[in-house]
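The values are calculated or read from the model by the stated rules, or taken from the named source; none is laboratory data. Source: prediction; values computed, not measured. When we count neighbours, we look across all protein chains shown, and the Cβ atoms used for this are built from the backbone with ideal geometry, even at glycine. Calculation scope for accessible area: heavy atoms of the full protein, side chains included, ligands and nucleic acids excluded. Shrake-Rupley method; radii C 1.70, N 1.55, O 1.52, S 1.80 Å.
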Amino acid sequence: MNNQKITVGCLLAMSAVSGWAQNQERKSPNIIYIMTDDHSYQTISAYGSRCNETPHIDRIGLEGTVFRNSFVTNSISGPCRAVLLTGKFSHLNGFKTNSDKFDGSQQTFPKLLQQAGYETAIVGKWHLASDPTGFDYWNILLGQGIYYNPPFNEMGKVKKMEGYATNVTTDIAIDWMKNRKKKEKPFCLLLHHKAPHRTWMPDTCDLGAYDGQQFDLPENFYDDYAGRKAAAEQRMSVAKDMNEVYDLKMADKEGVIKTGSYLDKSGREMLEGMNPQQRKVWDAYYDPIINDFKEKKLSGKELAEWKYQRYMKDYLSCIKSVDENVGRVLAYLEENGMLENTVVIYSSDQGFYMGEHGWFDKRFMYEESFRTPLLVRLPHSMKQKNEVKELVQNIDLAPTILELAGVQVPADMQGCSWLPLLDGTAKKWRKSLYYHFYESQDEHAVHKHYGVRTDRYKLIHFYDGIDDWQLFDLKKDPKEMNNLIQNAKYTKVLAALKKELDRLKSDYKEENR
């Protein structure tokens, strides 16, 4: 393992200034950052998905760059959004858990863009408790948002919008681009979708889109968590914790299907927001599935694998709508002559489990939720690699966007612009990543933990009611099934990782854990 000390922060890449930053005469580009909620890289065809196709999302990478090693700092929605805005880890931006409230008075990249003459907007999911600041226009979903006929808060005025959330969010974003008053200014638009967040409710036109497919179980779907105590104590199992009524829409009209969970009520209430036409189409699709489920009276492995199939079909149907709406944005830019002066970035707030380890949800530092998709299309006038394999993290997005806009990156931002990686001018880059998850008493019962990842190894420490260290050799064990913490052959690797972990905590100014 390479233990060469590399200073974190933007000093890391100062050995090379990107070609974009060097060209001061270049017109400031528009910037569109599209972020979904809980979109797994495993379900994007540009990342090798075998279960679905995402042609419009793929187009961003095919005409631009696919980042192969993109990660988050804290795999949970609100904290990831706070990291995006500030370029700082959760312990410094003050938003560690979804129970926190974002301090909108602090420095954010949208505020710095405004000062530099950009028009800024955010549309869709916000999920930071306080009202947005630093935006000339904002129109956000309330809380987590709902899929059908969602209320939006437009600059302080709440209005229910008729339609499906993914379509409506895109409608608002395109309408803002079309009708903005200061068209002489470059703009930065954050387009944040609710989908494919739980409970994975597809648009009526996409119901049944994947009914013809049978999805292979992940190899470790029946993981026994041997040697990984913290992994065994979670509550995010497809088999045990995925609710038939709430998650899988088995809300029969007779009220016969009951799980004994408070989620049963929520699962029935979430259908009440539909209008009669939407509900008619919904029932026509789900009622036969519900009746078949009641007749079969599944249990054990049969029930677990039935749940997995339903989960995949609903989740992927939500992604289908996301992909089509990404296509709508690209088509609008192209049709209006804007594509070649607009940077388009696609990502998710974090990754998600598609049955790996038997799970849904996120939170853990294991690969499926630690990783997040990142595809970037720059104007063709900019030099750009088709693929980047270096380790990047969501703290890097704010400084990258600022450099794209020609704005000086503040010294206190902890991320680094990855533009030098795109044009090949980077001479040094980070060799390790730091992660910290701060929740433990939520419904999924994932213990607090922090850790370090290099290109080959990962060390995680679970704490708060538990003291569980886990070490993985990602080259030999990419699915993270074999905890090597007691393996004498890895004594030197363990010592080096602990030293690197201490360095990262110090450099990132996290004094306590």
Give, as a single signed number, the net charge of other residues whose beta carbon lies under 9 Å from the beta carbon of A121, with Lys and Arg counted +1 and Asp and Glu -1.
-> -1
Can you pick out the pairs among K125/K160; K229/K498; K265/K362 whose Cα atoms lie more than 18 Å from each other?
-> K229/K498; K265/K362
How would D467, D100, D477 rank on accessible area, largest to smallest, probe 1.4 Å?
-> D467, D100, D477
Once R456, R430 are ranked on solvent-accessible area with the largest value leading and a 1.4 Å probe, the list reads R456, R430
Where the accessible area of the chain is counted over protein heavy atoms with a 1.4 Å probe, how much of it, in %, is carbon and sulfur?
-> 48 percent
How would S28, S432, S299 rank on accessible area, largest to smallest, probe 1.4 Å?
-> S299, S28, S432
Probe 1.4 Å, all protein chains in place: accessible area of H357 in Å², nearest 10?
-> 0 Å²
Given a 1.4 Å probe, how much area per residue of the range 131-190 is accessible, in Å²?
-> 46 Å²
Taking the inverse of the average 1/r across all pairs of different Cα atoms in the chain, what Kirkwood radius in Å do you get?
-> 23.6 Å
Ignoring ligands, DNA and RNA, what accessible area per residue does the range 66-122 give at 1.4 Å, in Å²?
-> 26 Å²
Rounded, prolate or oblate: which fits the range 316-373, taking a ≥ b ≥ c as square roots of the Cα gyration tensor eigenvalues, rounded meaning a/c under 1.5, else prolate when a/b beats b/c?
-> oblate
Rounded to the nearest 500, what is the 222 nm mean residue ellipticity of the chain from helices alone, with -39500 (n - 2.57) per DSSP H run of 4+ residues and division by all residues?
-> -9000 deg cm²/dmol
Work out from phi, with θ = phi - 60° and the Karplus expression 6.51 cos²θ - 1.76 cosθ + 1.60, the ³J(HN,Hα) of each residue of the range 98-103, listed in order in whole Hz, and give x for Gly and Pro.
-> 5, 8, 7, 10, 6, 7
Would you mind working out the accessible area per residue for the range 317-395, using a 1.4 Å probe, and quoting it in Å²?
-> 26 Å²
